[in-house]
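Notes follow the structure.
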Amino acid sequence: LEASIKPAELGRPQTLIGEDGKPTDAPQAPLQLKLRKDDHLAIVAIDGSGKVRSVASREPVQLGAWLHVAAMSDGEKLKLYLVQESKYKLQGETEFIGKLINHPGTWIIGRGFHNGKLAQDARAHIDEVRVSSIALPVQLLLWSGPSVLDR
């Protein structure tokens, strides 16, 4: 999942991109890119074992500043990257067993699924969204150029 995000409001939970529907017992949808109440960007996903996994940005995001984010899983790890100083910087990673759960729902930009209903609307500009069904190497992500990976 890749997107450009420019927050227009901070200090409350927001879902920037998510899948709709509730195919699991978890209170949220299978995959969501969120802005948390503490202003950290986070990817939240349910792995093949049914466990909810989450990775957040190291620093809080800034109001009104564009950021480019990429979240991906290779079937073993869920990783979150932000483009900083023209490089993809790994924000963190967590164990992620298998594939995302199979869900026939649609993607929603600017809204998520929480506790059985659509909620946590985003107050942000959201652009350049790309959802891939495979884990792309960093060199093929939207904002890649020479020497793009920086751990």
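Computing FRET efficiency as 1/(1 + (r/R0)^6) for S54 and Q139, where r is the C-beta to C-beta distance and R0 is 25 Å, gives about 0.45. In whole percent, and with a 1.4 Å probe on the protein chains, what portion of the accessible area of segment 88-140 is carbon and sulfur? On segment 88-140, the fraction of accessible area on carbon and sulfur atoms equals 50 percent. With protein chains left intact and a 1.4 Å probe, residues in segment 1-142 average 50 Å² of accessible area per residue.
Expressed in nm to one decimal, what extension gain is obtained for the pair A65 and K117 from 0.36 nm per residue of sequence separation less their Cα-Cα distance?
Gain in length upon complete extension: 15.8 nm.
Bridges between two residues of the chain, per DSSP, are antiparallel at a rate of about 95%.
The values are calculated or read from the model by the stated rules, or taken from the named source; none is laboratory data. Note that this is a predicted model, so its numbers are computed, not measured. As a convention, Cβ positions derive from the backbone with ideal geometry for all residues, glycine included, and neighbour counts pool all protein chains shown. Please note that ligands, DNA and RNA were not included when accessible areas were found on the heavy atoms of the full protein model with its side chains. Shrake-Rupley method; radii C 1.70, N 1.55, O 1.52, S 1.80 Å.
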